[in-house]
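Single-structure report; data block below.
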Amino acid sequence: MPVMPDSWIREKAQSAKMVEPFVEAQKREGMISYGLSSYGYDARLADEFRIFTNVDNALVDPKNFSSTSFVERQGKECIIPPNSFVLCRTVEYFRVPRDILVICLGKSTYARCGLIVNVTPLEPEWEGHVTLEISNTTPLPAKVYANEGICQFLFLQGAGPCEVSYADRAGKYMKQTGVTLPRI
């Protein structure tokens, strides 16, 4: 699977609205960079956060997920408690073509601070805001910034379109907006 270059990403972003809003060049002055890069797209962190806490002694269960596991915050930044994590989302809305698989990687600026960005692959014909999990692996509180770069998406093109896409399967996270919690 070849990784798609910036020219391909730019064309698909404009013709197929693959990434909206789309920023054509890296923005980096005084902030963590975002926008189109050589072989990917650096997405921004939105200002919605679900910070996990153990105040109510909740259990995290993907089959019976409780909102008492976290507190909701909105703002320009988020403090992630030590050895904890936050659910958040991208500013950008993605529409993945049928012959493309998208992989997410964390940005090195945050990785060097002990913050790990995790997201599952964006499957062919999936669309929505991407819900991200940011883990703070350090024993110290850590800060992330809304409307700045958080991760890079790499677009991999298959030899042809897949037989069954995420849309064909009517995936449960299709067209998600906002921070989306686990579903069964």
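Values in this text are rule-based calculations from the coordinates and carry no lab data. Here the structure is a predicted model, which means the values were calculated and not measured. Here the Cβ positions follow ideal geometry from the backbone for every residue, glycine too, while neighbour counts run over all protein chains shown.
Roughly what would the spin-label model give for Tyr39 and Asp99, points 7 Å off Cα along C-beta, in nm?
Modelled inter-label distance: 1.9 nm.
Leaving out same-chain residues fewer than 8 places away, which lysines sit with a Cα under 24 Å from that of Lys143?
Lys27, Lys76, Lys107
Efficiency by 1/(1 + (r/R0)^6): what FRET value for Lys143 and Gln26, r their Cβ-Cβ distance, R0 = 22 Å, to the nearest 0.05?
My answer for the efficiency is 0.50.
Over the Cα atoms of the chain, what radius of gyration and what Dmax do you get, in Å?
When restricted to Cα atoms, the chain yields Rg and Dmax of 16.6, 49 Å.
With Cβ to Cβ distances under 14 Å as the rule, what net charge do the other residues near Thr120 carry (K, R +1; D, E -1)?
My count for the surroundings of Thr120 gives +1.
Using label points projected 7 Å from each Cα along Cα→Cβ, tell me how many nm separate Glu77 and Ile116, to one decimal.
Taking the two extended label points, one gets 2.5 nm.
Rounded to two decimals, what is the ratio between the C-alpha radius of gyration of the range 1-67 and 2.2 N^0.38 Å?
Computed over Cα atoms of the range 1-67, the ratio equals 1.65.
Taking K and R as +1 and D and E as -1, what net charge do the other residues with C-beta under 15 Å from the C-beta of Arg44 add up to?
-4
So if I take the centroid of the Cα atoms in the range 1-63 and the same for the range 130-157, what is the distance between those two points in Å?
9
Along each principal axis of its Cα atoms, how long is the range 82-162 end to end? Whole angstroms, biggest number first, please.
So the extents along the principal axes, rounded to whole Å, are 46, 20, 18.
Please enumerate, by chain and number, the lysines with C-alpha under 17 Å from the C-alpha of Lys63, excluding those fewer than 8 residues away in the same chain.
Result set, ordered by chain and number: Lys172.
Compute the longest continuous run of the chain that contains no exposed GluC sites (Glu not before Pro); treat a site as exposed when its DSSP state is not H, G, I, E or B and it has at most 11 other Cβ atoms within 10 Å.
30-162
What does the helix-only formula give at 222 nm for the chain: each DSSP H stretch with n ≥ 4 adding -39500 (n - 2.57), the total divided by the residues, and the result rounded to the nearest 500 deg cm²/dmol?
After summing the helix terms and dividing by the residues of the chain, the value is -2000 deg cm²/dmol.
Can you pull the percent of Cα pairs in the range 28-123 with separation above 23 Å?
When all Cα pairs of the range 28-123 are counted, 36 percent exceed 23 Å.
Given charges of +1 on the Cβ of Lys and Arg and -1 on the Cβ of Asp and Glu, with all other atoms neutral, how large is the dipole of the range 17-122 about its Cα centre, in debye to the nearest 20?
Dipole size: approximately 160 debye.
Suppose every K and R has +1 on its Cβ and every D and E has -1 on its Cβ; what is the size of the dipole of the chain about the Cα centre, in Debye to the nearest 20? Display every interim value, and only then the final one.
Working: 20 positive and 21 negative charges, 38 e Å.
My answer is approximately 180 debye.
Express the C-alpha Rg of the range 33-85 as a ratio against the empirical globular expectation 2.2 N^0.38 Å, rounded to two decimals.
Against the empirical 2.2 N^0.38 Å value, I get 1.51 for the range 33-85.
If we count every other residue with Cβ under 12 angstrom of Glu77's Cβ, Lys/Arg +1 and Asp/Glu -1, where does the sum land?
Neighbourhood net charge equals +1.
Could you check which residue among Gly149, Gly40, Gly75 shows the biggest mean-square fluctuation in a GNM of the chain with a 10 Å Cα cutoff?
Gly75
Listing Lys76, Lys17 from the residue with the fewest other Cβ atoms within 10 Å to the one with the most, what is the order?
Fewest-to-most ranking of Lys76, Lys17: Lys76, Lys17.
Roughly what would the spin-label model give for Glu133 and Asp61, points 7 Å off Cα along C-beta, in nm?
Taking the two extended label points, one gets 1.7 nm.
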